[in-house]
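Notes follow once the structure below has been shown.
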Amino acid sequence: MKSNSREVLFGFIIFISFLLISVIFYAYQIFYTPNFQVGKKEVVFYIHRDTDFKEVLRSLKKDTIIHDPMSFAFVSRLLNYQDHVKPGRYLIKKNMNNLALVRTLRAGLQHPVKVTFNNIRIKQEFAKKIANYLDFKENELLQLLKDSSITLKYGFDTTNILSMFIPNTYEFYWTTSPEVFIKRMHQEYQKFWNKTRTSKAKSLGLSLQQVSVLASIVQAESNMSQEKPRIAGVYINRLQKRMKLEADPTLVFALGDFSLKRVLNRHKQIESPYNTYQNEGLPPGPINMPSIQSIDAVLNYEKHDYIFFCVKEDLSGSHNFAATYEEHQKNARLLHAALDLKGIR
């Protein structure tokens, strides 16, 4: 009897051991076996606002990201993720396992998106550009940029608010709200306007916003980096002499026709605070979002005696500069003849 009892006990121990090993092996399998992008490259996975776990699972299946949906669902339930889905932009790595992904999703550990903007003219264009990167509609950002209480909070108004945004590449989480986006960009603005740049603006007798306004005009005048400080010098000379800026790009902005290739006398009659042929000083706001290069061109402008310039007659985009009106007239006649020859009206 004792021998039989021992055999039964031994058999039971063997069975329990085998069962325990099986459970441990299965647990290891469902937690640590590769289950996502198996044999594939890493992929970015988006979870939108108000998405539940069923939709997450459905999307993983639809995009053939997941290998074993059942094990993922089990681990998600075990780690309390199914009821705590967080929206975001997540990076799913090659051969990622259930435990790693569930922990990432549950903690909301998003993969940041690089947001790049430049060559922006108006607020609508800017809002549309940013909305292409982040999870909000362009109108949500546009309404904030048009809200005087919001712009005033950061020391701007709705006319010059675009000068707060310094064109560059920044990292954001995809779920960043329009309010948080603006707040972050103001922080970047403050970093950009360090003591050196602020001191240079002060020496010019211009506010930081005015520097940006002038930089926007310089930027609209030329894409040639080597000419920008010289063009900036022309406008600063005119400001110091209390001459009207007479900047053609400001008329183009006032007219709202950015396809206009040639500014004529009739265009100079438009009633607008941006008409620098009629109004003295700088316009009330930037005519585009000036680049860092354009801003620095103003702050480090070239000192000279030029107060006129116009595009060279070879239409290369570079300019002829003049210190006298007579010399400028000669340059202008050469340009007009070249435009007429090309049929540019």
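The values are calculated or read from the model by the stated rules, or taken from the named source; none is laboratory data. Computed from a predicted model, the values in this text were never measured in an experiment. A quick note on method: Cβ atoms are made from the backbone with ideal geometry, for glycine too, and the neighbour counts reach across all protein chains shown. Calculation scope for accessible area: heavy atoms of the full protein, side chains included, ligands and nucleic acids excluded. Shrake-Rupley method; radii C 1.70, N 1.55, O 1.52, S 1.80 Å.
Name the residues in the stretch 278-320 that are outside any helix (DSSP H, G or I), within 30 Å of residue 116 (Cα to Cα), at pLDDT 95 or above and hydroxyl-bearing (Ser, Thr, Tyr), would you? Residues satisfying the conditions are 291, 301.
If the Cβ limit is 9 Å and pairs must be 6+ apart or interchain, which residue in the stretch 169-194 that is over 26 Å from residue 211 (Cα atoms) pairs with which residue that is of a type in the set (D, E, K, R) and at pLDDT below 95? Partner pairs satisfying both residue conditions: 175/49. Among the residues of the stretch 272-298, the one identified as surrounded by fewer than 21 Cβ atoms within 10 Å (Cβ to Cβ) and aliphatic (A, V, I, L, M) is 292.
Does residue 226 meet the test of being in contact (Cβ under 8 Å) with a residue 12 or more places away in the chain, closer than 18 Å to residue 294 by Cβ and open to solvent by 60 Å² or more (accessible area, probe 1.4 Å)? Answer is no for this residue.
When the residues of the stretch 302-340 are filtered to those that are aromatic (Phe, Trp, Tyr) and in contact (Cβ under 8 Å) with a residue 40 or more places away in the chain, the one that is most open to solvent (accessible area, probe 1.4 Å) is 306. Scanning the stretch 252-271 for residues that are under 21 Å from residue 340 (Cα atoms) and open to solvent by less than 40 Å² (accessible area, probe 1.4 Å) yields a count of 4. Note on the stretch 37-56: among residues that are open to solvent by 30 Å² or more (accessible area, probe 1.4 Å) and part of a helix (DSSP H, G or I), the one that is nearest to residue 82 (Cα to Cα) is 54. Filter the stretch 91-129 down to the residues that are open to solvent by less than 20 Å² (accessible area, probe 1.4 Å) and either in contact with a helix residue (DSSP H, G or I) (Cβ under 6 Å, 6 or more places away or on another chain) or at pLDDT below 95 (or both) and list them by number. Scanning the stretch 91-129 gives 98, 99, 102, 117, 120, 127.
For residue 245, the conditions (1) part of a helix (DSSP H, G or I); (2) touching a helix residue (DSSP H, G or I) at 6+ places or on another chain (Cβ under 6 Å) are fulfilled apart from (1). The residue list 171, 179 contains one member that is modelled with pLDDT of 95 or more, acidic (Asp, Glu) and in a helix (DSSP H, G or I), which is 179.
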